[in-house]
Amino acid sequence: MLPFARVTIIGLGLIGSSIARAVGVRMPTVRITGHDADPDVRARARDLGFCDDVTDQAGAAVVDADLVILCVPVGAMAAVAADIADDLPADAVLSDVGSSKAGIAAVLAEHFPHNPIVPAHPVAGTERSGPDAGFATLFDKRWCILTPADDADAVAVERVKAFWTSLGAEIEVMEAKHHDLVLAITSHLPHLIAYTIVGTASDLEQVTQSEVIKYSAGGFRDFTRIAASDPTMWRDVFLSNREAVLEMLQRFSEDLSALQRAIRWGDGDALFDLFSRTRAVRRSIVEQGQDDPREDFGRAH
Ligand code: NAP
């Protein structure tokens with residue numbers, strides 16, 4: 001039995017359109033309604049045809065939904081909640097896909113005191129955004145973390161679990177605050193480092209821009225993929241997960257200072273030990289199927 005029959009997606013970019021496409025492939029009888037604040041995105045979504053219906057107003061999209069998923073940038077969640085509050089059916093399950101969870105949970109609980117709320121974060125994505133960037137297999141074998149409150153409706157949690165399992169995802173349940181700490185180190189800090197290093201390289205005066213680009217295969221280009229991620233999305237992630245990111249940044253700065261000291265004092269053993277440990281982390285990621293095992297990410301040479 002399908003967990004939901006009428007799913008509404010608000011925000012038809014990379015994640016929203018990927019959910020719609022994946023539902024179309026894996027649960028073709030489910031009716032998908034979509035809405036996006038941007039008229040150009042709505043027009044494109046209609047052309048691409050991954051929704052059964054695309055509405056011009058957010059309220060109209062939710063009136064007969066049994067699951068509503070908010071797929072907008074974290075900073076836009078409150079505005080969308082206000083837009084749909086009068087039209088959301090009392091028994092509809094409300095979810096979102098925001099990359100940070102504690103702040104959104106508070107916003108949703110305030111706007112929807114009576115609806116079952118089951119926040120989710122599919123840990124899957126690319127550096128692209130918009131409705132053309134989505135694809136149906138995005139969530140295949142990727143983790144989807146659910147962060148329901150302690151008193152959340154248990155049946156709704158099971159239904160949302162079943163929904164994401166049907167899209168190919170593996171499910172983990174954790175507290176919103178713990179999620180934000182884990183993602184601060186596994187996702188948010190790596191993005192911050194990539195934004196920093198690409199920014200620093202583009203500001204350098206002794207090395208020309210053309211040299212930075214010409215010799216980027218030395219490592220720099222792998223940071224540029226992450227640093228090309230959506231500016232709105234990432235601005236909102238850092239502002240909403242401020243405390244956890246600052247805590248992890250503090251740890252990172254201390255470790256960076258230790259490395260700086262090792263280089264200054266010629267402590268090769270310290271460098272070698274760290275680099276051996278980090279190599280093992282990469283091996284584990286590949287062994288657990290979270291990345292392509294081929295060398296250089298499988299790029300053609
Ligand atoms: P995206 O491709 O930029 O799509 C977001 C869409 O929401 C855009 O079309 C945007 O329109 C629209 N939007 C903005 N404000 C809105 C509002 N008030 N009402 C209705 N629509 C609105 O972004 P995404 O990558 O899919 O990210 C969506 C969410 O998923 C974010 O919360 C993000 O944190 C989360 N997430 C992202 C990834 C990833 O790797 N990208 C992974 C997991 C979770 P405009 O662009 O025209 O403003």
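Expressed as an acute angle from 0 to 90° and rounded to the nearest 10, what is the orientation of the C-alpha long axis of helix 189-203 relative to the principal long axis of the chain?
60 degrees
So how far apart, in nm, are the two label points at residue 202 and residue 216 if each is 7 Å from Cα heading toward Cβ?
Going from the residue 202 label point to the residue 216 one covers 1.1 nm.
Would you list the P(r) distribution for the range 178-290, with all Cα-Cα distances sorted into 5 Å bins from 0 and each bin expressed as a whole %?
2, 9, 14, 17, 22, 20, 12, 4, 0
Provide the descending list of Cα extents for the chain along its principal axes, expressed in whole angstroms.
Each principal axis gives a Cα extent; for the chain these are 66, 41, 35 Å.
Mind checking the log10 I(q)/I(0) for the range 6-174 at q = 0.08, 0.12, 0.16 Å⁻¹? Debye, one equal scatterer per Cα, no solvent, two decimals.
-0.19, -0.45, -0.85
For the Cα atoms of the chain, what angle does the longest principal axis make with the long axis of helix 242-264, in degrees from 0 to 90, nearest 10?
Helix 242-264 sits roughly 20 degrees off the main axis of the chain.
Straight-line reach from residue 214: which aspartates and glutamates fall under 15 Å, measuring Cα to Cα and dropping same-chain residues less than 8 apart?
By straight Cα distance, residue 214 reaches 222.
Among the lysines, which fall within straight-line cross-link reach of residue 161, defined as a Cα-Cα distance under 22 Å, with same-chain neighbours fewer than 8 residues apart omitted?
Answer for residue 161, where 22 Å is the Cα cut-off: 101, 141, 177, listed by chain and number.
Pick out, in residue order, every one of the GluC sites (Glu not before Pro) in the range 169-272 that is DSSP loop and has at most 15 other C-beta atoms within 10 Å; say none if there are none.
175, 205
Bear in mind these aren't lab numbers, they're just calculated from the coordinates by the rules spelled out. On a predicted model such as this, the values are computed, not experimentally measured, just so you know. Cβ atoms come from the backbone with ideal geometry, glycine included; neighbour counts cover every protein chain shown.
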